[in-house]
1. Identify all residues within region 58-78 that are free of Cβ contacts under 8 Å to residues at least 12 places away in the same chain and either closer than 21 Å to Asn22 by Cα or not in a loop (DSSP other than H, G, I, E, B) (or both); write none if there are none.
2. Determine if region 18-31 includes at least one residue that is more than 16 Å from the ligand (Cβ to nearest atom) and among the aromatic types (Phe, Trp, Tyr).
3. Would you please list the contacts, defined by Cβ atoms under 9 Å and residues six or more apart or on different chains, that run from a residue in region 25-45 that is under 17 Å from Pro2 (Cα atoms) to a residue that is of a type in the set (S, T, N, Q) and part of a loop (DSSP other than H, G, I, E, B)?
4. Which of the numbered conditions does Thr57 fail, given that it passes all the others? Conditions: (1) among the hydroxyl-bearing types (Ser, Thr, Tyr); (2) farther than 24 Å from Leu15 by Cα; (3) modelled with pLDDT of 90 or more.
5. If you scan region 35-85, which residues turn out to be touching a strand residue (DSSP E or B) at 6+ places or on another chain (Cβ under 9 Å), among the β-branched types (Val, Ile, Thr) and surrounded by 13 or more Cβ atoms within 10 Å (Cβ to Cβ)?
6. How many of the residues making up region 16-34 are at pLDDT 95 or above and either exposed (fewer than 14 other Cβ atoms within 10 Å of the Cβ) or aromatic (Phe, Trp, Tyr) (or both)?
Amino acid sequence: MPLRTIVGHGRLLPLLSRAITNDTLPPSLLFSGPAGIGKRRAAVAVAQTINCLEPRTVDGFTRDACGECASCKRIERGVHPDVILIEPGDTGTIKIEQIREVVERAAYRPFGCA
Ligand SMILES: [Zn+2]
């Protein structure tokens, strides 16, 4: 799901798009807030925008995912080799072991996706 198709977060999403375009996105982002506001959707859209094989400039977004290429589809399905989605477990919290695993995997070169 491209950034431009997400409802709400009107000021935030173009800012994220610009940061991706300018290569100034922080090394980590924390999406927090009440349940059901689209945090996961926005995070997946950011991952798609970064990894999209055919990014676009459209509707006020300096860079946005196409939502249709192999990379976008794999991220949407949760099977992209370079995108790790961390979600809270049964306790509702993210465990330190989950973060350690991601930090360890981040040290490896990206696999890429074509
Ligand atoms: Zn794409």
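1. Within region 58-78, Lys73, Arg77 qualify.
2. Pass one, region 18-31, residues more than 16 Å from the ligand (Cβ to nearest atom): 18-19, 22-31.
Applying the additional criterion that residues be among the aromatic types (Phe, Trp, Tyr) yields 31.
The answer is yes; a qualifying residue exists.
3. These pairs meet every condition: Lys39/Ser32.
4. Exception for Thr57: condition (2).
5. Listed by number, the residues that qualify are Thr49, Ile50, Val58.
6. Of the residues in region 16-34, 3 are at pLDDT 95 or above and either exposed (fewer than 14 other Cβ atoms within 10 Å of the Cβ) or aromatic (Phe, Trp, Tyr) (or both).
The values are calculated or read from the model by the stated rules, or taken from the named source; none is laboratory data. Quantities reported herein were computed from a predicted structural model and do not represent experimental measurements. No Cβ is skipped: glycine too gets one built from the backbone with ideal geometry, and neighbour counts run over all protein chains shown.
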